[in-house]
Amino acid sequence: MFEHLKFANPEAFYLLILVPAAIAWYWFRGSDTRAKLQVSDFSVFTNSRPSLKLILRHLLFVFRILAFSLLVVALARPQSTSSKQNISVEGIDIVMAMDISGSMLAEDFRPNRLGAAKEVANKFIKGRPTDRIGLVVFSGESFTQCPLTTDHPVLINLVDEIKSGMIEDGTAIGDGLATAVNRLKESQAISKVIILLTDGENNRGFIDPLSAAEIAKVFGLRVYTIGVGTIGTAPYPVETPFGIQYQQMEVRIDEPLLKQIADMTNGKYFRATNRQKLEEIYNEIDKLEKSKVDVTEFKRKTEEFKPFALAALILLLLDFILGISVFRKFP
């Protein structure tokens with residue numbers, strides 16, 4: 001009840017200095033207030049014990065000390081402060097939709113496109129501890145690798161487990177986007193974001209990418225699209241009877257499609273031609289997605305002296321009633 005008390009007149013507490021003085025006075029005065037009887041022999045009183053009434057008579061002094069202390073607290077004017085404010089909120093629901101098709105093994109990034117994408121994604125996750133983040137992977141089809149979660153260590157482990165060949169090869173951008181939309185459509189977050197990363201053109205799947213983008217728009221989802229791959233050609237590992245050999249493959253990214261998806265959903269398209277650029281893109285998205293709500297703070301103070309004053313009054317009444325009845329202070 002009184003967790004956040006402040007005192008308007010804290011100087012009143014100096015009056016509590018009188019409490020130890022009163023206790024000392026009561027202690028040393030006690031011997032003078034007891035009845036005295038002159039006798040020649042104390043042997044008859046050797047085994048006598050103070051009565052309960054004699055012990056309890058000190059309660060009256062305790063009541064007065066407590067009542068005085070409570071009145072001092074009341075004079076100090078305790079006040080409780082209630083305040084209401086909307087703090088800056090940065091919690092956002094994010095689903096990362098990552099292409100894991102065979103072309104993501106191209107080594108124009110180190111160690112390859114997929115490896116670089118995973119490492120940068122993990123760094124991004126670690127930098128957003130208050131967000132719920134999920135992971136969707138797609139190739140010839142798509143599935144949810146991790147639903148929205150704040151358990152980021154688990155999510156990072158699942159990112160590390162991604163590898164090309166987990167599912168049928170191809171590039172089903174529409175399916176990957178639709179799966180991400182499905183994960184976010186029920187979200188109540190202030191901001192709902194999809195980061196769609198791919199290095200190719202849509203050539204598989206059952207859902208058209210623009211139809212998936214239209215659904216994302218309906219649910220108020222913002223899609224950031226990232227095209228991964230250098231300009232021109234990139235070395236791609238090919239399995240041959242003589243082992244792994246590298247062939248220069250043309251980098252074909254459907255940039256008009258990715259730009260259109262981003263534009264439709266009020267997002268943004270990025271092109272990552274190397275690992276450094278990919279890191280810069282994730283850093284930019286990190287800065288863009290800071291949803292803050294600032295309102296005017298107000299505080300209300302409430303006087304809380306009444307409970308202390310009431311408790312002091314009750315103690316004084318008990319002192320008076322017990323004094324004229326049980327302990328008979330007055331004739």
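Brief remarks follow.
- Here the gap between I190 and E239, fully extended at 0.36 nm per residue and compared with their Cα-Cα distance, gives a gain of 12.9 nm.
- Using the Cβ-Cβ distance between T81 and R110 with R0 set to 45 Å, the FRET efficiency works out to roughly 0.20.
- FRET efficiency, Y14 to L66 (Cβ-Cβ, R0 25 Å, nearest 0.05): 0.85
- Signed unit charges on C-beta, dipole axis of the range 93-288, positive-most listed residue A262, G115, A212: A262
- If the chain linking R57 and K277 were pulled fully straight, counting 0.36 nm for each residue of separation and taking away their Cα-Cα distance, it would gain 70.8 nm.
- Computed over the range 203-324, Cα set: Rg, Dmax in Å: 33.4, 112
- Paramagnetic reach from Q247 (point 7 Å along Cα→Cβ, amide N under 16 Å) across the range 97-124: 102-107
- Estimated distance in nm for a label pair at L288 and R29, the labels positioned 7 Å out from Cα along Cα-to-Cβ: 8.0
- log10 of Debye I(q)/I(0), alpha-carbon scatterers only, for the range 93-288 at 0.16 Å⁻¹: -0.95
- F143-E168 pseudo-label distance in nm [points 7 Å out on the Cα-to-Cβ vector]: 1.3
Readers should treat all values here as calculations from the given coordinates under stated rules, not as data from a laboratory. Note that the structure is a prediction, hence the values are computed from the model and not measured. Neighbour counts are summed over all protein chains in view; Cβ atoms, including those assigned to glycine, are modelled from backbone coordinates with ideal geometry.
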